[in-house]
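J.: Handing you this structure, nothing more for now.
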Amino acid sequence: MYLSMRLGPLVRLLAGVAVASVIVFGVLAARTPAHSSPNTTPPAAPASSALAADVGPSALHVVRTGGTGLNIRDCQRTTCARVGWVAEGGSFAATCAVQGTAVHGDKTWLKGTANGHAGYVARYYIAGPVGAGAGDPVPACGQLSLAKG
């Protein structure tokens with residue numbers, strides 16, 4: 001009888017811990033990762049964009065996001081502000097490549113536009129030959145493309 005009377009507080013304690021865990025995991029899941037799911041309306045592009053194209057764009061495709069799409073950011077880090085979004089399989093017109101924070105081990109970010117939003121995306125999520133090597137369609141920012149024509 002003593003044991004059954006003491007189980008009530010233990011059950012309430014375990015239930016409280018479970019509820020707190022759900023809340024903590026919910027808050028952590030709500031944080032926006034590099035390839036977060038889209039809003040119903042993407043954010044508007046900045047009024048004046050300093051991200052003018054260095055060379056003609058190369059149309060590439062978004063892949064490996066698990067169907068959630070890809071954020072376009074205002075700099076080449078996952079912590080930078082989101083300025084747009086492109087769906088999985090959608091096109092990203094890359095103009096040049098720069099180095100930034102590593103995403104799945106790849107430090108290359110592409111500068112370009114998608115859906116009228118200019119910014120940067122992690123190369124890891126882009127399909128197609130990209131990089132600064134000879135013959136690649138996306139040169140390093142500040143360099144001319146050798147693949148034009």
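Computed from the coordinates by the stated procedures, all read-outs in this text should not be read as laboratory data. Note that the coordinates shown come from a computational prediction; the quantities given were computed from them, not determined experimentally. Virtual Cβ from ideal backbone geometry, glycine too; neighbours counted across all protein chains shown.
J.: What nm value, rounded to one decimal, do you get for the distance between Ala59 and Ile23 when each label is placed 7 Å out toward the C-beta?
T.: My value for the distance between the label points is 5.0 nm.
J.: Something else about it: Along the Cα-to-Cβ line of Thr79, 7 Å from the Cα, sits a label point; which residues in the stretch 88-131 have backbone N less than 20 Å from it?
T.: 98-110, 120-123
J.: Please work out how much length the chain gains when fully extended from Ala93 to Asn115, using 0.36 nm per residue of separation minus the C-alpha to C-alpha distance, in nm with one decimal. The partial results should precede the final answer.
T.: On the way: separation 22, 0.36 × 22 = 7.92 nm, distance 0.95 nm.
Length gained, Ala93 through Asn115: 7.0 nm.
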